[in-house]
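A quick write-up on the structure given underneath.
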Amino acid sequence: MEHFYLPFEKREGFSYTREALEALTEYEKYQLSFHPERPKYLDYLSVFEQPEECLQSDEHGSCVIQTHRAAIRSGESLLPVMLIGQQSGPTSDFGLMKTLMKDPAGVSRWNHGMPTPAAFRKAIEAIRTAEEENRIIVTIVDTAGADPTEESEAGGIAWKIGRCMQALAEATVPTLSVIVNRGCSGGAIALTGCDVVLAMEYATYLVISPEACSSILFRTRDKAGLAAEISRITAREALKNGIVDDLIAEPEGPAHRFREAAMESFRNAVSAQVRKLGAIAPGEVFEKRMQRWEKIGQWNTISEEDILSFEKQVSYFIPKPEKVLFVARHKRCTDSEGNKVHDPVLYSKLLADSFVCSTCGHRYVRLTAHDYVDLVLDKGSFREHPETRYIVDRDILEFPDYEQKIQEARRKTGAASSFITGDGTIEGIGVVFCATNFNFLGGSFCMSTGEKIRRAAAIAVAEKKPIIIQAGGGGARMHEGCSSMVSLPKLHVAISSVEKAGLPVITIVTDPTLGGVAIGFAARGLRIFEHNAGNIGFSGKRVIEQYTGRRTSRDFQTTWWLKQKGYADMTALPTGMKSKIAELLRRLAATPVFRAQ
């Protein structure tokens, strides 16, 4: 049989002992996790009995997620399961793969192992089917990430991933996830928000690829090895950080060379977990899920004295000039022909355009959390929650310069972290209000944000108040590694608890809302998109253009573009957000479900 060998496998004297594998660099361990001969989802089907494919689809990329009804043996019993597996390529047989690679159409069908909106729709439907048929859900994760193309953005990939996490958060049956190879970014987190998460011993679990991390941190992809090392992406590190519950041993060595032993280990671990999950009473599933996700994440606390040393109100809202009708144009404005434009801008037009230049599209300002408090809530009504005020970010990876960046962000924004929560009123209606500071490390989603949302949701339920969340940020925070991303299912469970209590959830989607922020709280509740916002979706414009090698379309990822695609039903100017939300709350308060609370 023909085999593929990674560079380190070709080194003289290399062996597959645990000691030899531990001596590999972190980047080599990353390469090992997606070795082309490691067993894939369809290989693991042999562990189960009575597998029956369901929900077949011919849509592009849908084959990257496959679904099967099946059963797994536990002693004398056969336990019914719904399998939702990511198949990252057609086969793990290297010889066969070389033959298949000669067919470009066949290769394209697998989309480099990256799920498309069609694939996530299939997963969502499989979760619903599992509930109807009372099958424990088992997800098998193996992906380089979700598809980063304009076509997938047009298909609503951010909202599909968010809906997938919501469906798992609310599933009426227990859920189990197993990361078998590489579990990367949104493609992985879509299916790992489960009641139990396991990982094969030589798998990896990461928020961003080492190459992409290197590109962002060091402005070059050549330091991917260093990025892999500081991000701590192996399954063993995930276990240490509490983001997987246990490892499945590959007892004789890595699964691509010692397949039978690894598959038997997988069988025993999954069978034991399914048996335990099957013993949970239906009425206890969601409560146990909430207890599990409450423990996810790490954060520090800070004193009131420390907060007062930097706390200040920061506003970037451009006020109306007192004596003139115009404001200065930004210095780099050019028209469609490349000519410099110097004319001042009529303030009323700039305000009506949400501070976006109508000539070149430049955004003059991104508003702060304090700005949204002032714009949305009744004057003087906001009171920050003491339960969340003192929670701050924790540097669990000793990431280069992270602590320094946090200190700089505090001085710049006057806030302890990127996210604040509190009580307030909107036209006299009591609400729990949450807001993001984009200027605090790009508003990136992190462990402290996940915990603050969980606590804010608990307060909303206890006080029987709607929760309003202003969404903004560039994605999950890579300085915290995969732990930041793993707080996303936590917030979905928390928000679902608010909706289960019959309370409204309203999300204000602002510029930018990407990656982890988009698939997290921006994907939930009733969404109001800020007029003329941009950069709203899963993958950023620059990432998409680098990946596809072509420019994105005009107005891509703007509120207008999303409205044309059917994803933005409600829009409002920042100055009109308060009345829009108040109108919604009054209408919802008249509905039987809300009125009964």
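Averaged over residues, the count of other Cβ atoms within 10 Å places the peptides 8-21, 558-571 in the sequence 558-571, 8-21, highest first. Normalised by 2.2 N^0.38 Å, where N counts its residues, the alpha-carbon radius of gyration of region 503-557 equals 1.25. What the phi angles of region 312-327 give under the Karplus curve with 6.51, -1.76 and 1.60, with θ = phi - 60°, is a coupling list of 7, 7, 10, 10, 10, 4, 7, x, 5, x, 6, 10, 10, 9, 10, 10 Hz, glycine and proline written as x. Here the simple spin-label model places points 7 Å from the Cα toward Cβ, and for Ile429 and Asp343 these points are separated by 4.1 nm. With viscosity set to 0.890 mPa s at 25 °C, what whole-number translational diffusion coefficient in µm²/s follows for region 1-141 from Stokes-Einstein and a Kirkwood radius over Cα pairs? After rounding, the answer is 144 µm²/s. Farthest towards the positive end of the charge dipole of region 80-128, among the residues Ile127, Trp110, Leu100, is the Cα of Ile127, using unit charges on the Cβ of Lys, Arg, Asp and Glu. When DSSP beta bridges are limited to those with both residues in the chain, what percentage is antiparallel, rounded to the nearest 5? Around 45 percent of the beta bridges assigned by DSSP in the chain are antiparallel ones.
With one equal scatterer per alpha carbon and no solvent term, the Debye-computed log10 I(q)/I(0) for region 372-497 at 0.12 1/Å reads -0.43.
Scaled against the 2.2 N^0.38 Å expected of a compact globular protein of N residues, the Cα radius of gyration of region 470-597 reads 1.17. Taking Cβ atoms as reference points and 11 Å as the exclusive limit, the residues near Thr91 contribute a net charge of -1, counting Lys and Arg as +1 and Asp and Glu as -1.
Roughly how many percent of the accessible protein surface of the chain is carbon and sulfur, given a 1.4 Å probe and a whole-percent answer?
Looking at the chain in its full context, I get 50 percent from C and S.
For region 479-552, applying the loop criterion from DSSP together with a ceiling of 14 other beta carbons within 10 Å to the trypsin sites (Lys or Arg not before Pro) yields Arg550, Arg551. The Stokes-Einstein estimate for region 479-538, based on a Kirkwood radius over Cα pairs and taken at 4 °C with 1.567 mPa s viscosity, is a diffusion coefficient of 105 µm²/s. Between Lys563 and Cys54, the distance separating the two model label sites (each 7 Å from Cα on the Cα→Cβ line) works out to 4.0 nm. A simple spin-label model places the labels of Thr591 and Asp378 2.4 nm from each other, with each point 7 Å out along Cα-to-Cβ.
Between region 194-219 and region 86-151, the alpha-carbon centres lie 18 Å apart. Between Gln298, Ala203, Ala471, the Cα set farthest toward the positive side of the dipole of the chain (charges on each charged residue's Cβ, about the Cα centre) is that of Ala471. Once backbone amide H atoms are built at 1.01 Å from N, Ile508 has Ile469, Gln470, Ala471, Ile528 as its partners under 5 Å, excluding neighbours fewer than 5 places away on the same chain. Normalised size of region 256-408, defined as Cα radius of gyration per 2.2 N^0.38 Å with N residues, equals 1.80.
Taking the Cα centre of the chain as reference, the dipole from Cβ charges on Lys and Arg (+1) and Asp and Glu (-1) amounts to some 1640 debye.
Shown here are the Rg and Dmax of the Cα trace of region 81-216, at 15.3, 46 Å. Semi-axes of the equivalent ellipsoid of region 1-70 are 33, 15, 11 Å, computed as sqrt(5λ) over the eigenvalues of the C-alpha gyration tensor in descending order.
Dipole magnitude for region 258-342: computed about the Cα centre from +1 point charges on Lys and Arg Cβ and -1 point charges on Asp and Glu Cβ, it is near 380 debye.
Placing +1 on the Cβ of every Lys and Arg and -1 on the Cβ of every Asp and Glu, with nothing else charged, gives region 1-137 a dipole about its Cα centre of roughly 240 debye. Give me the net charge for the shell around Asp142: Cβ to Cβ below 9 angstrom, other residues only, Lys and Arg +1, Asp and Glu -1. Taking every Cβ under 9 Å from that of Asp142, the sum is +3.
Residue by residue, region 553-566 carries 3J(HN,Hα) couplings of 6, 4, 6, 3, 6, 8, 4, 4, 4, 5, 5, 5, 7, x Hz when phi is fed to the Karplus relation 6.51 cos²θ - 1.76 cosθ + 1.60 (θ = phi - 60°); x denotes Gly or Pro. Take 373-385, 187-199, 97-109 and order them by the average number of nearby Cβ atoms within 10 Å per residue, most first; the result is 187-199, 373-385, 97-109.
Per residue, the accessible area of the chain comes to 42 Å² when a 1.4 Å probe rolls over the protein heavy atoms.
Beyond 16 Å, the tail of the calculated P(r) for region 239-279 holds 47 percent of the Cα pairs.
Between Gln546 and Arg411, the contour length at 0.36 nm per residue exceeds the alpha carbon distance by 45.2 nm. Adding -39500 (n - 2.57) for every DSSP H run of four residues or longer, then dividing by how many residues the chain holds, sets the calculated 222 nm ellipticity at -11000 deg cm²/dmol. Every Cα-Cα pair of region 129-170 was included, and the share exceeding 12 Å stands at 71 percent.
Students often check this: by mean Cβ neighbours within 10 Å, which of 480-489, 274-283 ranks highest, and how do the rest follow? Walk me through the numbers on the way to the answer.
Numbers: 480-489: 28.6, 274-283: 13.9.
By packing density, highest mean first, the sequence is 480-489, 274-283.
I'm a student and want to see the number: the projected area of the Cα convex hull of region 249-335, averaged over all directions, in nm².
The Cα convex hull of region 249-335, projected and averaged over all directions, gives 17.7 nm².
Please label the shape of region 212-302 as rounded, prolate or oblate, based on the square roots a ≥ b ≥ c of the eigenvalues of the alpha-carbon gyration tensor (a/c under 1.5 means rounded; beyond that, a/b larger than b/c means prolate, else oblate). Because a/c hits 1.5 or more and a/b fails to exceed b/c, region 212-302 counts as oblate.
Under the classification rounded if a/c is under 1.5, otherwise prolate if a/b is larger than b/c and oblate if not, where does region 546-586 fall, given a ≥ b ≥ c as square roots of the Cα gyration tensor eigenvalues? Prolate.
Its relative contact order, with pairs defined as Cα atoms under 8 Å and 6+ residues apart, puts the chain at 12 percent. Under 1.5 on a/c is rounded, so check that first for region 35-80, then, if it is not, pick prolate when a/b is larger than b/c and oblate when it is not; a ≥ b ≥ c are the square roots of the alpha carbon gyration tensor eigenvalues. Cα axes put region 35-80 in the oblate bin. If the chain linking Ala261 and Thr17 were pulled fully straight, counting 0.36 nm for each residue of separation and taking away their Cα-Cα distance, it would gain 86.4 nm. Along the axis of the charge dipole computed for the chain (Cβ charges of +1 for Lys and Arg, -1 for Asp and Glu, origin at the Cα centre), the listed residues Phe258, Phe445, Ala281 are led at the positive end by Phe445.
Computed log10 I(q)/I(0) for the chain at 0.05 Å⁻¹: -0.22, from the Debye equation with unit scatterers placed on every C-alpha and solvent omitted.
The values are calculated or read from the model by the stated rules, or taken from the named source; none is laboratory data. Quick caveat, the model's predicted, so the values are computed rather than measured. Neighbour counts run over all protein chains shown; Cβ positions are idealised from the backbone, glycine included. Quick note on the areas: whole protein, heavy atoms, side chains included, nothing else; ligands and nucleic acids left out. Shrake-Rupley method; radii C 1.70, N 1.55, O 1.52, S 1.80 Å.
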